[in-house]
Each structure stands twice: as structure tokens, then as C-alpha cells.
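Let me begin by presenting the structure, written as C-alpha cells, before commenting on it.
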There are 2 protein chains.
Amino acid sequence: MEVELKELLNDLQSLKKSLSDPSHLALIDKMHLHAENIAILENSGPTRRSKVKDMSAEVVDSNPYSRLMALQRMGIVENYERIREFSVAIVGIGGVGSVAAEMLTRCGIGRLLLYDYDKVELANMNRLFFRPEQVGMTKTDAAVQTLSEINPDVVLESYTLNITTVEGFDTFMSSLTNKSFRPTKSGSGVDLVLSCVDNYEARMVVNQACNELNQTWMESGVSEDAVSGHIQLLIPGESACFACVPPLVVASGIDERTLKREGVCAASLPTTMGVVAGLLVQNTLKYLLKFGQVSPYLGYNALKDYFPTMEMKPNTQCSNAACLERQKEYILAKPTRDAAAKAKADKEALSAPEYPVHADNEWNISVLDDNEVDGAVSRHSGVLAEGIVHELPVADEYPKPAITETDGPADDLEELRRQLEALNAD
Amino acid sequence: MEVELKELLNDLQSLKKSLSDPSHLALIDKMHLHAENIAILENSGPTRRSKVKDMSAEVVDSNPYSRLMALQRMGIVENYERIREFSVAIVGIGGVGSVAAEMLTRCGIGRLLLYDYDKVELANMNRLFFRPEQVGMTKTDAAVQTLSEINPDVVLESYTLNITTVEGFDTFMSSLTNKSFRPTKSGSGVDLVLSCVDNYEARMVVNQACNELNQTWMESGVSEDAVSGHIQLLIPGESACFACVPPLVVASGIDERTLKREGVCAASLPTTMGVVAGLLVQNTLKYLLKFGQVSPYLGYNALKDYFPTMEMKPNTQCSNAACLERQKEYILAKPTRDAAAKAKADKEALSAPEYPVHADNEWNISVLDDNEVDGAVSRHSGVLAEGIVHELPVADEYPKPAITETDGPADDLEELRRQLEALNAD
């Protein structure tokens, strides 16, 4: 439309030059004004939300953050506004990733890094987020378009690339380590990586990157038959990495590597993907803003409305070298962790008030203690909860990884663990 | 912009009449063409998805239903296309209702009836669905705008009204009983009512309408502190109605009637609302398309990722007269139900194949039997699952409802139930 308008304005100028009658000139000036108004209207577009400098808790209809800041007043979150400091990377902007991105955007996350190489298709319209008018756009471009309209306060970075290629992996790694958003942050440049990809290879690549960077991440997945899914928290060295334990899918015996088989169209539902995205971002908020219990693993079986949980310890025989390094570091740091935990407990015991903190709590809400053990759902370490099956052969059935170092890292780790356990057995 | 364009075209006409030089006239014709092109571009708008006559299972990127029809090939749903016959009414187009509407629209539901009287505000932007450019529109208008763009195949009816007013209730009732969409349907004009309102009064009105119409419905709710929610299935006469049992909120002691207190801004999160909407629509799909287990009640405690379930029987002392009528009908129909169930079981036993149905099942998926008892989560009748508290005083603490009929319906029902139990105790 811009081209047509420019042509029209040029023609008006030419005509004006060749005419001298004042009434003609007045008419041309009038037309010029109309054309300029059209240009203004064209560029104004739909009403846009302006940026907000500080998150206000003021209860007015025009405040986009009032219902979020209310979490503080209700005693759920101590400092909600901290969310603006955090960077979250989302790998895969499909049925789960796009909804996760929208949720974090509406929550006012500081910065989102989005990775995908795919384009929007009409076949994606059975999930939330993308609109038919975006068909043909890259998923990253379409996501940036929608998300920036929803909340211009969020810093969006999009990467249209495939992380499983050599070049893509390099860009992925450098984007994760870039600290320009918050130079004072320790570790990598992001606070959390969310894996929302649909295949085994891409998950292994995210796992490799996070193990190398010592970056905590969450994995998510939805089964090929659309009626089950899961989320999982992975802390390098502390919990099982994606290579430690074969991937799990609730109530499904499908090898995820078959997900993109030739001619096979996996089923999907906006419900299952919406629930998994909701659970994933809820866990993300709990992790970042430090409230409630962060789930190490949460499954969702839609046919039975069954939600198994469990914890998985790292595998000292893991085939991933970076994982073994992180395990070693985690074990070596145990005495420091124990001392810090003891100091914290001592301090809390000294300063604990004799009366309930919220005696005048008109909401009658009690904040749950993070250490409170969930009595309803048992959490096992390494043992599979009912309804969960291994999707790939268990570790024992894998060929032994080739050990290249002189002192095998596995034996080394086992020995280290034994020594530490002996030291701490007082 | 239309006005400006019209003025411009008029001015061009006037100028043309007063000029005679052929070069001037040619220039004016050229400008006219530009202006017309601007008008065409202005009216074309974004690309729209065209309507689809039949749901195809064809695996092509341009098929918006391929991933849904795949549910049939994977053995999850017997006949997915039946979804086009169903009408679902959604009362309340807020944080849960709007997302539920979008999910059903993307699933290709036949017809949606939407009820709300509120307008979109910036303060709603922390939940999914509405966009800042829709601020000031009624929620019903904004929803119809978005949903019709997403899937033009869905028949949308919107009602901008408050169902708790006398006039609003009348329109609500007549819209539910209108059978023009599927004249052959028995009962009311809709297959399911979803209550996604945020206050007690509106829930009681939906309850009244559904009891009067013998209409199955599902209730949903999110707590004022944003970290818990629930869904509940209500079948008049068969399960507890909303007046039978005081409303339940997981891990919260808040009276829902306080939800819209003056000056109080309830907290809300897109995660909790997205999960509740997802569980609600998943239960809706299971109910309508007959797969998996339809949950009678499902709670969601976000702080602990705890999901209690239970069943609630109707209260023979219920204060709602229409509920008591439905209870009576349900008890009287028991012999017919039992006979039908026995005939079905006999038929199945006769035709049961000796070999597994899906011996060549390459997906390795087994369809769960509807009658299979969930071993993982115990379902109690009337007993509250751990973590669930009554939100309002239990029924015993209520003043006894005034009984207007000569033979008290409560005693009548109890007697009827006793007689039937004696008859069926063989």
C-alpha cells in the first residue's frame, strides 16, 4: 500500500506544477491532505500496549500486571517483579513451546530466546497460538509478531535455526552464553532452558549444551497418540541428565525416534499440549520465583487423569562425558552445601518467631514449606512410578560407552562418592 | 480510512470535470487507479482460512484436521468427525472460558454458545487469549473475532448478557433449548454446558438451569490466590449438583462469594488457568467422543503438583427442587439401566474374540477399558480426598430448606431408594 500512496503523492505534485488556477491548486492541496491522513492511518495499525517502566500493584483495569503483583499481597511470591531479571530460552516453538512462550510473555518475563527452523502450516492449527494468517511465516517470526503485540516489555530474541546442525549448535551455544542482558549474572547468560522439541536428537543436543554449560533445564514432551505427556527438571550433576536414563513417556511404549517417520502423522490435541505447557511454565515460575515445590518429574496421563511424579539420580555410568564432570563437581561441593544448609537452619531456628507469621491473615492462606514432604504422592529415586514405562531400552542394555581416559570416570566417581559418604557418615 | 479515500476520489472527479488538457486527464486517471488499489489492499485484510466441508485424515500441511483425525488411526477415538455434531455452551469468557473456547474451536467443535457481559481490560492480559488491541471490546465480540479467524467451520453464537439477571436468565434458557442446529437431538439443544464463571451466584444460576433442563454440565474454578483450581462433572440426578455439596476449592479456605469484593484484586496466572482449561476441555472431549475415563472431579494444587479426584453422590436433602426431581427420575430409571447394562455385557461376552483385537498394532497402544478401575488414585464417594477442604460450611450447618410439598421430597427419595435397593438386592 505504501508504494501506491507514494505514487499518488508524486502524481499530485506533478499536476500541481502544471496547473495555475487557484481553485485547482486548492483541490490538489485538499487531496494531498487526504492522502497524508491515509498514510497516518495505515501506519498507526491496531492499538498497541505501551511499555511499562515498573510493575505496579495498583488495582486498576489499565494495569496489565495487577493480577500478577497480587501474588505478593496473597503471600504466594515474595518478590514478583524479579521476573523481569530472568532470561528463559525456549527450544522448539511448536504446540508446547509456543504456548509456554505466550504464558511467560504474559507473566512479564525479562527476556525470551526462541529457537525453531520450521514454518507455520495449516496442519498446526489444531494447537493453540498460531493463526491461519501466519501460515508460511517461520515459527520464530510469527511468534515474535504475536508476543511483541501482547507484551512489548519482554525482550525477544529469535533464532531461526536447527540446533542439531553444526552451525546451529554453535549459534545456540553462543546465544546461551551471551550475558549482555544481565552482565552481573553468574554462570551462563540464561536462567533456564526449556526443551519443547518433538524428537530424540534435538533433546540430546539440548542435553549436551546444558551439561557443557552447567545449565539447569526442563524437558517436556507429548506422546505420539496425543493423550499423555511429561515435564522433567534436569540439574547437571545433581539429577539424571537426558542421557543418564532412557527417556520416559507415560503409558506409552513408543520410541520417540519414530516420531517423524516417513508418512506418519502424529496425533495432537490443544488440550494435552496446553496442559503440558501450563505445567512446564508453572514449574518454571516456581523455580525462578522460589515458591511451592518444584517438581523433578511430572507425568500426565489424559485417559485416566493420572499424574505420576518421581526423582531420578544421575547415572554414574552415563555415556555423556560432560555429565560425569558435573557429577564429580556436585559430589566435591557436598561439604560446602551441607555447611550452608546447616548455617541456614541454625539462623532460622534462632530467628523463628513464637507466634504465627500471618496471624492477621485475612485470606486464610498458609504458605507451604518447601521442605514439606508431599504425603499424597510418593517420590522414588530411580524407581519408576506406576504407569510409567521406559521408552528406550534401560541403560544396562546399552553397549558400554568407550572410556577414553586412563582412569575411567565412572570408577573415579564411584570411588569419590564412597569416600564422601564415609566422610559425611557422622 | 474509508472516509478519507472516498473524499479523495470525489476530489479527483471534480478536478477531472474542470480540466481539459489530455496530459492532466491521464494523470488524474493514474491517480484514480492508485486510490482504487489502496481501497482493494485495505479491504483484503489478512489471509483467511477457507471453510472445510468434510474433515479429512489426509496427511498434508494444508489440512487443519490431519492431527486430530490421526486420533482415529491411533485407536484413541472411534469417530473423531462426530465432533462437528456437538454444541457446547461456555458461560464466562474469562481466563478459563476463553481458552476453553479456543481449544474447542481448534478441535473443530460443531457449535459454540458464548455468554459474558464483561469488557476486555489491560488487567486481563496476564491470561491467555485476549490481545491488547481488543481492550474495550466486549469479551463476546472479541472472542467471536478471534475464534472465527482461527476456525471458520465452527458455528459461533454469542450472548452479551448477565445470566444472573431475570432477562439474562430467560435468554440463557431459551438459547440452551433452541434445537435448530441439530433438530433430531434429544433433550436440550446443547450437548454440554461449561461453567467458567468466577463467582458463586453465577454458578448457582448455571446449576438451576441445568437441573431444570436435565442438562449435564461441567464446572470449573480457580482459587483467588491463583495456585489451585478444579473441574467437576455434574449429571443431574446421578451426581451431586452444585447445591447438594458446598463448593470445593483445593487447599484453600476462601469463600468464593468474596471473589469480587470491593477493592480486592484477585491474583491470577496464565499457567493455572491454562491447565484448568486444558483439563476441562480434555474431560469434555472424553465425554463427547467417548474415550478414556471422564473424571467426576479433578483438583489441581499447583504448589505441590497434586491432583486429587473423587466422586460425589447427590444429596437427598438438597435445597434445589429440580435436583430432587432429577434424583427421583434417576432412581426410577435404575431397573431399565441395569437391564441395558446386562444386555450389553451379555452381547460383548458372546462376540468377544479369542485373540487380541490389535494383534498387528504397530503403535503398541492399548485402549483402556472404560470400566477399568484406576488403581493409582482412589476415588471415594462423598469422602473428601486429601488436600481438599470445604469452601463453604457443610450441608448440615445450613438452615434446613423450607419444604413446600405435602410429601417432603427428601423422605420420598430416601424411601424410593430403599425400596429399589431391596428390589435389586438379588
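Bear in mind that the values in this text are calculations on the coordinates, not laboratory data. Owing to the predicted nature of the structure, the values given are computational and were not obtained by experimental measurement. No Cβ is skipped: glycine too gets one built from the backbone with ideal geometry, and neighbour counts run over all protein chains shown.
Shielding of B:281-291 by partners, i.e. mean partner chain Cβ atoms within 10 Å per residue?
Taking the mean over all residues of the peptide, I get 3.
Please tell me the relative contact order of region A:158-221 in percent, rounded to the nearest whole number, where contacts are Cα pairs under 8 Å and at least six residues apart.
Relative contact order of region A:158-221: 31 percent.
Could you give the length gained by full extension between A:Asn10 and A:Ala333, i.e. 0.36 nm per residue of separation minus their alpha carbon distance, to one decimal place?
Residue separation times 0.36 nm, minus the Cα-Cα distance, leaves 109.0 nm.
So for the pair A:Asp21, B:Ala26, with labels modelled 7 Å out along Cα→Cβ, what separation do we get in nm?
Rounded to a tenth, the inter-label distance reads 2.0 nm.
For region B:279-289, take each phi angle, set θ = phi - 60°, evaluate the Karplus expression 6.51 cos²θ - 1.76 cosθ + 1.60, and give the result in whole Hz per residue in order, putting x for glycine and proline.
Each residue's phi maps through the Karplus curve to give 5, 5, 6, 4, 5, 5, 5, 5, 5, 6, 9 Hz.
Which of the residue pairs A:Lys342/B:Lys304; B:Lys119/B:Lys286; A:Lys334/B:Lys304; B:Lys290/B:Lys344 have a Cα-Cα distance greater than 21 Å in the structure shown?
Checking Cα-Cα distances, A:Lys342/B:Lys304; B:Lys119/B:Lys286; A:Lys334/B:Lys304 exceed 21 Å.
Could you work out the mean count of beta carbons from other protein chains within 10 Å of each residue's beta carbon in B:70-83?
Counting other chains' Cβ atoms within 10 Å and averaging over B:70-83 gives 3.
Ignore the peptide's own chain and count Cβ atoms of other chains within 10 Å of each Cβ in A:98-111; give me the average, rounded.
Details: counts 0, 5, 2, 0, 4, 8, 2, 2, 10, 4, 2, 0, 0, 0.
Other-chain Cβ atoms within 10 Å of each residue's Cβ, averaged: 3.
Taking only the alpha-carbon positions of region B:77-340 and ignoring solvent, what does the Debye formula give for the base-10 log of I(q)/I(0) at q = 0.09, 0.13, 0.16 Å⁻¹?
After summing over all Cα pairs, the log10 values are -0.38, -0.84, -1.32.
For region B:1-43, what is the convex hull volume of its Cα atoms per residue in Å³?
On the way: hull volume 1.9 nm³, N = 43.
Value for region B:1-43: 45 Å³ per residue.
May I ask you to derive the FRET efficiency for A:Lys347 and A:Arg82 from their Cβ-Cβ distance with R0 = 22 Å, giving the value to the nearest 0.05?
Result of the calculation: an efficiency of 0.50.
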